[in-house]
């Protein structure tokens, strides 16, 4: 259940720290504790850092919708759309990267290795996608953020939908 919505165009770690600090102060004023157990976010590093700083015990999960959207946009950017739509083995291999978020975290490393070992050989483009995936989703954004496993809440799109509605008020 979303408790608070904060609108900001300044997406900096310092701003997020100030927002969380203010919420904690407001709660203390009413003799309450503002502690987060689970936080569902986009994959914005500044926000992730701020949550880890202000709420070290919180578990951070990324939004599955935004994760798959990033992957599909990269598929398009690399020129893999036609292969994705017309070649079943390439499509299945690429979809596996989208679905890998839903498996148990204990087997994620093995699943990524299996995908690396089964790289389709079509024109080198799948290899470029694999390079992107390793750099962005293994090295830069740790699987601990995007591997959702058995968790039922997989998106923060409810918040985003409300944000879009508010944009129309301007």
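The values are calculated or read from the model by the stated rules, or taken from the named source; none is laboratory data. If you're wondering where the values come from, they're calculated on a predicted model, not measured in any experiment. When we count neighbours, we look across all protein chains shown, and the Cβ atoms used for this are built from the backbone with ideal geometry, even at glycine.
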With (1) touching a helix residue (DSSP H, G or I) at 6+ places or on another chain (Cβ under 8 Å); (2) surrounded by 15 or more Cβ atoms within 10 Å (Cβ to Cβ) as the list, and residue 11 as the residue in question, which single condition is left unmet?
-> (2)
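Yes/no matrix, rows are residues, columns are (1) within 14 Å of the chain's Cα centre (by Cα); (2) modelled with pLDDT under 90:
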{"site": "30", "(1), (2)": "no, no"}
{"site": "39", "(1), (2)": "yes, yes"}
{"site": "55", "(1), (2)": "no, no"}
{"site": "66", "(1), (2)": "yes, no"}
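Before we move on, is residue 13 more than 30 Å from residue 115 (Cβ to Cβ) and in contact with a strand residue (DSSP E or B) (Cβ under 9 Å, 6 or more places away or on another chain)? Before the answer, list the steps.
Numbers: more than 30 Å from residue 115 (Cβ to Cβ): yes; in contact with a strand residue (DSSP E or B) (Cβ under 9 Å, 6 or more places away or on another chain): no.
In short, no.
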Condition broken by residue 11, with the remaining ones in (1) in a helix (DSSP H, G or I); (2) within 19 Å of residue 140 (Cα to Cα) satisfied | (1)
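Which residues, taken from the stretch 75-96, are part of a helix (DSSP H, G or I), without any contact (Cβ under 8 Å) to a residue 40 or more places away in the chain and crowded, with 16+ Cβ neighbours inside 10 Å? Working first, answer last.
Taking the stretch 75-96 as the starting set, the residues that turn out to be part of a helix (DSSP H, G or I) are 75-77, 81-86, 88-96.
Filter once more, keeping what is without any contact (Cβ under 8 Å) to a residue 40 or more places away in the chain: 76-77, 81-82, 84-86, 88-96.
Once the filter is applied, which keeps residues that are part of a helix (DSSP H, G or I), without any contact (Cβ under 8 Å) to a residue 40 or more places away in the chain and crowded, with 16+ Cβ neighbours inside 10 Å, the stretch 75-96 yields 84, 90, 91, 93, 94.
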Condition test on residue 37, is it out of contact with any helix residue (DSSP H, G or I) (no Cβ under 6 Å at 6 or more places or on another chain), surrounded by 12 or more Cβ atoms within 10 Å (Cβ to Cβ) and within 19 Å of residue 61 (Cβ to Cβ)?
-> no
Tell me, yes or no, whether the stretch 129-137 has at least one residue that is modelled with pLDDT of 95 or more, exposed (fewer than 13 other Cβ atoms within 10 Å of the Cβ) and out of contact with any helix residue (DSSP H, G or I) (no Cβ under 7 Å at 6 or more places or on another chain).
-> yes
